[in-house]
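So the structure is just underneath, and the comments pick up after that.
What follows is calculated from the coordinates using simple rules that are stated; it is not laboratory data. For clarity, every value in this text was computed on a predicted model and none was experimentally measured. In this analysis, Cβ positions are derived from the backbone assuming ideal geometry, glycine residues included, and neighbour counts consider all displayed protein chains.
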Amino acid sequence: MIRIAAVGDLHYGVGSLDILRPSLQHLPARADILLLAGDLTRCGGPEEVAILANELRGLTIPAVAVLGNHDYHAGREQEVRRVLEDADVRVLEGQAITLDIDGVRIGIAGTKGFGGGFRGAHGSDFGEPEMKAFVGHTKMLSDRLERALGGLEADLRIALLHYSPIEATLEGERLEIYPFLGSYLLAAAVDNAGADLVFHGHAHHGEEKGRTPAGVPVRNVAQPVIRHAYNIYTLDAGRQVQPAAAGGIS
Amino acid sequence: MSAPRDEYLPEAIREKLIHDPRVAEQDLRVRVQEHRVMLGGNVASPQLKQRITEVAKELLPDYEVVNETTVVSAAEPDGEEPVS
């Protein structure tokens, strides 16, 4: 049994000091790994993420993160990443890592992801350069996610995102902003490569639970959704990894 | 750029709150009735809620600011969820 603590959208900034720290004290006894689903800062400042990094420094379980849109706002995402990595938080963007937890290989592939919308109503990379750039960014990150997930050799495979791969975990958000909250291309990447569990954040008014079209469980761990410092999810290490989707257009 | 007409005032306030680094919240809901501004949504801390009130009052000194935002708990979870 692997215990995964996960949270996103912590939005650290001035005044955030010690928000998470009291709850982190007991975390190593309750979970094997901590996953952070992006938007760790308010405005993308390295000084903002340093507050979180100081709270996480010395954590005795592995911490793995992706960045979110807020973490890009200042154009200093590389510095944000370095601050986290200096505190031993692994930051993934189109990459994957494998951790050995008591002999169980946990593979985690991560990307911020991006928007576009969902099946039947997704934007196309057609027309103005700005529209091509918008949808092209989502396609590129989804392709990288699929490759990263597909390349994992692990007993359990997890996709860690900021943007949502499905609509179900957005319920409660206004329909008009769905294209800015996620993309089905992320779900397609997960379903093509196969995974046991997907985490995302970004949708503060959404729902916690959903599944990809092929049935992979999805959890929206945005802090305003879970209303805790983190939630803990357990996975049976002996379960079958969801197989990659068969056939279809490639 | 001209000052926003009344019809567009809530959106103008929402944009200002998103871009003010003291707030930077994208999920605030803004309503304006007469000379009263009502703010809703979730915020991470009582300090942030207070700052939102202060920034809104700076933006709209002639309006009453009613901050109805909810401070979200960051307590430890009680249990865990087996996922299958």
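Counting just the residues of the range B:47-84 that are polar (S, T, N, Q) and more than 12 Å from chain A (Cβ to nearest Cβ), which one comes out surrounded by the fewest Cβ atoms within 10 Å (Cβ to Cβ)? Step through it out loud before you land on a result.
Restricting attention to the range B:47-84, the residues satisfying the condition of being polar (S, T, N, Q) are B:47, B:50, B:53, B:67, B:69-70, B:73, B:84.
Applying the additional criterion that residues be more than 12 Å from chain A (Cβ to nearest Cβ) yields B:53, B:67.
Numbers: B:53: 15, B:67: 18.
The extreme case among them is B:53.
Name the residue, out of B:58, B:25, that is without any contact (Cβ under 8 Å) to a residue 24 or more places away in the chain, under 27 Å from residue A:47 (Cβ atoms) and acidic (Asp, Glu).
It is B:58.
So how many residues does the range A:80-114 have that are more than 19 Å from residue A:8 (Cα to Cα) and of a type in the set (D, E, K, R)?
Matching residues across the range A:80-114 total 4.
Report those strands (runs of 3 or more DSSP E) wholly inside the range A:6-103 carrying at least 2 residues which are more than 9 Å from every other protein chain (Cβ to nearest Cβ) and surrounded by 21 or more Cβ atoms within 10 Å (Cβ to Cβ).
A:33-37, A:63-66, A:89-91
Take residue A:166 and tell me if it is buried (at least 16 other Cβ atoms within 10 Å of the Cβ), part of a strand (DSSP E or B) and in contact (Cβ under 8 Å) with a residue 12 or more places away in the chain. So that I can check it myself, show each step before the final result.
On the way: buried (at least 16 other Cβ atoms within 10 Å of the Cβ): yes; part of a strand (DSSP E or B): no; in contact (Cβ under 8 Å) with a residue 12 or more places away in the chain: yes.
Criteria not met by residue A:166.
Do we find a residue being part of a helix (DSSP H, G or I) and not acidic (Asp, Glu) anywhere in the range A:114-128?
no
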